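Here is the structure we will look at, set down as structure tokens.
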Amino acid sequence: MKVSEAIAEILKREGIEVIFGYPRNAVLETAAARGIRTVIVRQERTGLHMADAYSRMSRGKRLGVFAMQHGPGTENAYGGVAQAYSESVPVLVLPQGYARRLAHVPDNYNACLSMRDITKTAEPILRAEDTGAVLRRAFTALRNGRLRPALVELPWDVLGEELPEPLVYSPVVSTRFAPDPEAIGAVADRLVAARRLVIHAGQGVHWANAYAELRELAELLAAPVSTSLEGKSTFDETHPLALGSGGAAIPGQLRHFLDNADLIFGIGCSFSETAFGVSMPGHVPVIHATLDPADFNKGVPCELALAGDAKLTLAALIEACRARIAGPRDPEPAAREIADVEAAWLAQWLPLLESDAAPLSSYRVLWELQRSVDVANTIITHDAGSPRDQLTPFWKCITPLSYIGWGKSTQLGYGLGLAMGAKLACPDKLCINVWGDAAIGFTGMDFETAARERLPILSILLNNSAMAIELDQMPVATERFRATDISGNYADFATALGGYGERVTRPEDIRAAIERGIAATRAGQPALIEFITCAETRASRL
């Protein structure tokens, strides 16, 4: 058995069903020979984005894998690996490498060295007999502790070497750990004593499948719940205690309750300081519960901390809090305050959300989109910049994993691959990416991948013929050289690549066009609906 065949067999034993990639990499062929679906993309970064979403949609149970060529293929992949690392998503990265004698020769790209800062582990296979051990370490990293990419570099001269049969390899274990019981008691004391507690949930709740526990604790303490962008959809946003999610743009009720809290309890979040996440008020004490202690006191100081799996942590806190109070607290006062503040905030935005202007308001487009789909059976993601800020404060998720949120790194074009990976993982869901005319310039060619691989996604393209978010940053460059002007006919582009394309210019046509796009996806064809919008720069930045 050759090393490339042994790697494919190990992937099979670890439950890998799909491998994303771009040739040349021998494992793409040997994986296909073992029945692992091979998905070839038009550029490496998009393939990693697809693998990223594929891992997320199963909470890491079905891992995304990406394989690429040595040299330029691996260089092109860097951004996708960095994005998955920043968002704490487990992806197995399998770059082919230069022959061992050339691996450290100047000018040759060495993935283990160059990507060690954006992976949890990075290790080459240097001897055929080490194949199982190296893959075992990588899969252990992918299935335990904080989830991030693991890289195994495959020197091309090793891949053809022989291994003795039978191959000795068993799937790795996956473990969880819970916080210190004494610390649980101390945190429970603080939670039940708080009069204006806010629970802030991150994507650790997704990975731990801790949705029921999050809701139970919130209802027990009558505590409003906010989420990070990555944690969006961990809590039903139509629940009376829901505050929505926090990114660069946030709903008014979220800012109001954070600023007026007397205690913030973060669960499964990093509290990383980023321009694309909600800022925590400096005057409110924070209790931080998350898997990785490296996040404690990183972005915000915490008075108490719990290290452990979010599901185990919440279960322990529920038990401890129940022992300290007579019964569930009355949610009506908090729910009424949430509804009142949200109504006042929303009233300020309704003129845009319901605007009949032409060029179209992007807010009107996305407001109509939410009212045209079955939200509970839809998976949606934003893109960087304006689409993110115009979508996230207003879109109300109902079911878990129905929103793919991101924001630690903000690469334009990320959303397309996420939607395609989600569709592959969840073929029964309507999968949508919302992007602008800047983002499509980075990854748009992979719309052809959606058509070729029979991944009927719905792509909502907001075309304002400008980098609107940069207009106030580049006024001279825009006036003198039109540096922020970008455009194209993207509906025709989508049609040329094998999808359904339609351009919309009138507000009265928005709903019908969306419905035609959905119909195309049901017929098995990816659809791109292009909306000609104004250069909107307003956002709910609070």
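Could you sort Tyr490, Tyr22, Tyr54 by their accessible area in this structure, using a 1.4 Å probe and putting the largest first?
Tyr22, Tyr490, Tyr54
Let me know the Kirkwood hydrodynamic radius for the stretch 381-490, please, with Cα pairs as the basis and the value in Å to one decimal.
Result for the stretch 381-490, one decimal place: 14.9 Å.
At what distance in angstrom do the alpha carbon centres of the stretch 166-193 and the stretch 412-461 lie from each other?
Their Cα centres are 36 Å away from one another.
Please give the length that would be gained between Asp485 and Arg176 if that part of the chain were fully extended, namely 0.36 nm times their separation in residues minus their C-alpha to C-alpha distance (nm, one decimal).
Gain on extension, Asp485 to Arg176, equals 106.2 nm.
So, R0 is 35 Å and r is the distance between the beta-carbons of His283 and Met474; what FRET efficiency does that work out to, to 0.05?
So the FRET efficiency works out to roughly 0.45.
Which of Val168, Leu430, Ala186 sits closest to the plus end of the dipole of the chain, meaning its Cα is farthest towards the positive end, when Lys and Arg get +1 and Asp and Glu get -1 on the C-beta?
Val168
State whether the chain is rounded, prolate or oblate according to the following rule on the C-alpha gyration tensor (a ≥ b ≥ c being the square roots of its eigenvalues): a/c under 1.5 gives rounded; otherwise a/b larger than b/c gives prolate, and the remaining case gives oblate.
oblate
If you roll a 1.4 Å probe over the heavy atoms of the protein chains, what accessible area per residue do you get for the chain, in Å²?
Accessible area per residue: 38 Å².
Let a ≥ b ≥ c be the square roots of the eigenvalues of the Cα gyration tensor of the stretch 8-64; is it rounded (a/c under 1.5), or, if not, prolate (a/b larger than b/c) or oblate?
Judged from the Cα gyration tensor, the stretch 8-64 comes out oblate (a/c at least 1.5, b/c at or above a/b).
Measuring from label point to label point, each 7 Å out along Cα→Cβ, what is the Ala275 to Ala186 span in nm?
It is 3.7 nm.
Where Rh denotes the Kirkwood radius from the mean inverse Cα pair distance, what is Rg over Rh for the stretch 188-233?
Taking Rh as the inverse mean 1/r over Cα pairs, Rg/Rh reads 0.98.
According to the Kirkwood expression over distinct Cα-Cα pairs, how big is the hydrodynamic radius of the stretch 314-470, in Å?
17.8 Å
Over the stretch 353-420, what is the mean sequence separation of C-alpha contacts under 8 Å (at least six apart), divided by residue count, expressed as relative contact order in percent?
Across the stretch 353-420, relative contact order equals 33 percent.
Summing +1 for each Lys or Arg and -1 for each Asp or Glu, what net charge is found among the other residues whose Cβ lies under 15 Å from the Cβ of Arg100?
Around Arg100, the charge tally is -4.
Can you give me the long-range amide H partners of Glu153? Hydrogens built in the peptide plane at 1.01 Å from N, cutoff under 5 Å, separation of 5 or more residues or another chain.
Those lying under 5 Å, H to H, from Glu153 are Glu123, Ile125.
Please report, in debye to the nearest 20, how large the charge dipole of the chain is about its Cα centre when each Lys and Arg carries +1 at its beta carbon and each Asp and Glu carries -1 there.
660 debye
Among Ile518, Thr227, Asn110, which residue has its Cα positioned farthest towards the positive end of the charge dipole of the chain, with +1 placed on the Cβ of Lys and Arg, -1 on the Cβ of Asp and Glu, and the dipole taken about the Cα centre?
Comparing the listed Cα positions along the dipole, Asn110 ranks first.
The values are calculated or read from the model by the stated rules, or taken from the named source; none is laboratory data. This one's a predicted model, so the numbers in the text were calculated from it and none came from an experiment. Note that we place each Cβ from the backbone using ideal geometry, even for glycine, and neighbour counts take in every protein chain shown. Remember, those area values only see protein heavy atoms, side chains included, never the ligands or the DNA or RNA. Shrake-Rupley method; radii C 1.70, N 1.55, O 1.52, S 1.80 Å.
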